[in-house]
Amino acid sequence: MPTKRARSWVALLVALCLLTFAAACGGDDEDEELAEDDAAESTETAGVKYTVTGNEGTLTGSINFTGDAPQPKPISMDQDPVCGQSNPNATSEEVVVKDGKLQNVFVYVKDGKTADGKNFATLAFDAPADTRVLDQQGCQYVPHILGVQTGQKLDVKNSDPTAHNVNLQAKSNPAFNQSQPPGAPLIQKTFSRAEVLIPVKCNQHPWMKSYIGVMKHPFYAVSGADGKFEIKGLPPGTYNVVAWHERLKEQTQSVTVAAKESKSQDFSFTAASARNSLEGGSLEVLPALELPMLGRHH
């Protein structure tokens, strides 16, 4: 008959074997999940590398706004005296109109075909070497709308003498929520998947909001204070081009750009659409609620 001590050792060995087996099975699941993630990322970045031919064109245009423009909404920053002192006349950047031109519209090539019959979605483009920067100045994100290409570096910095919390609410890319006190190091990120557009907010200051458009290609632009945009180096072809605004309905137009052509294509938003999407009053210090995003794509 086995002794009591021998039975205890047998039980212990059986338990260890079971734990080892379970860990091995769990490891296989984790490896499978990592393999699936790697495959998805590989699919996202896969494609035939585009070679510049010298026949590329340029797409330019203006974002027009017809009707009475909404008045800028003042932002109450009483929650943080530092913010109020550094930016006493802050206004919302949701709908910014000057002389009939709409600012902060993200314009990008969505899909299409090149003049030689290639599907635009199958082309791959090298990530730019320069680094894009999202700053926090006067307790607002600068710029309000930012474009970045997959694989391109993004630096998030805090130029304010107060603490911020950078909450990037990505869905297709890893999200992050990180504090950034005054003088803190840059938050450095890259994105592996296209995502239009990613909301960024600050949990410390609920009025702070920005959007990042991540593209697989470099053919995007953001309309300036004069409503103008410019997309350079576009291969000749016919494309669906989207003009996206955070509060107004997006618009899509088919645009054909010939070899070495400088093509002009305007978009127009209306006061009626602005009235339907905006509420009156100032932007008080409210909880950092997620605002609805119109026309979101992945």
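The values are calculated or read from the model by the stated rules, or taken from the named source; none is laboratory data. Just so we're clear, the structure is a prediction, and the values are computed from it rather than from any experiment. FYI the Cβ positions are ideal-geometry reconstructions off the backbone, even for glycines, and counts take in every protein chain you see. Only protein heavy atoms, including side chains, enter the accessible area calculation; ligands, DNA and RNA are left aside. Shrake-Rupley method; radii C 1.70, N 1.55, O 1.52, S 1.80 Å.
Some notes on this structure:
- Computed label-point distance, nm, for sites Ala271 and Asp99 using a 7 Å Cα→Cβ extension: 1.9
- One Cα centroid belongs to the stretch 218-262, the other to the stretch 163-201; the line between them spans 26 Å.
- Under the Karplus curve 6.51 cos²θ - 1.76 cosθ + 1.60, θ = phi - 60°, whole-Hz ³J(HN,Hα) for the stretch 132-146, x wherever Gly or Pro sits: 7, 10, 10, 9, 10, 10, x, 6, 9, 7, 10, x, 6, 10, 10
- Between the amide H of Phe269 and those of Asn64, Phe65, Thr66, distances stay under 5 Å, these residues lying 5 or more places away or on another chain, with hydrogens modeled in the peptide plane.
- Unsatisfied cross-links (Cα-Cα over 26 Å) in the set Lys49/Lys110; Lys110/Lys209; Lys110/Lys249; Lys118/Lys209; Lys113/Lys153; Lys49/Lys157: Lys118/Lys209; Lys113/Lys153; Lys49/Lys157
- The stretch 69-227 - convex hull of the alpha-carbon atoms, volume per residue in Å³: 125
- Projecting label points 7 angstrom from Cα along Cα→Cβ for Val142 and Thr256 puts them 4.4 nm apart.
- With all protein chains kept in place, the per residue accessible area of the stretch 82-147 amounts to 45 square angstrom at a probe of 1.4 angstrom.
- The string of couplings for the stretch 181-187 from the Karplus curve (6.51, -1.76, 1.60, θ = phi - 60°) is x, x, x, 6, x, 4, 8 Hz, one whole number per residue in order, with x for Gly and Pro.
- Solvent-accessible area of the stretch 68-222 (1.4 angstrom probe, protein heavy atoms only): carbon and sulfur portion equals 48 percent.
- For the pair Gln79 and Glu230, a Förster radius of 41 Å applied to the C-beta separation gives a FRET efficiency near 0.60, rounded to the nearest 0.05.
- For the stretch 73-86, backbone phi angles converted through the Karplus equation (6.51, -1.76, 1.60; θ = phi - 60°) give residue-by-residue couplings of 8, x, 9, 7, 10, 4, 4, 10, x, 4, 5, x, 6, 7 Hz, Gly and Pro being listed as x.
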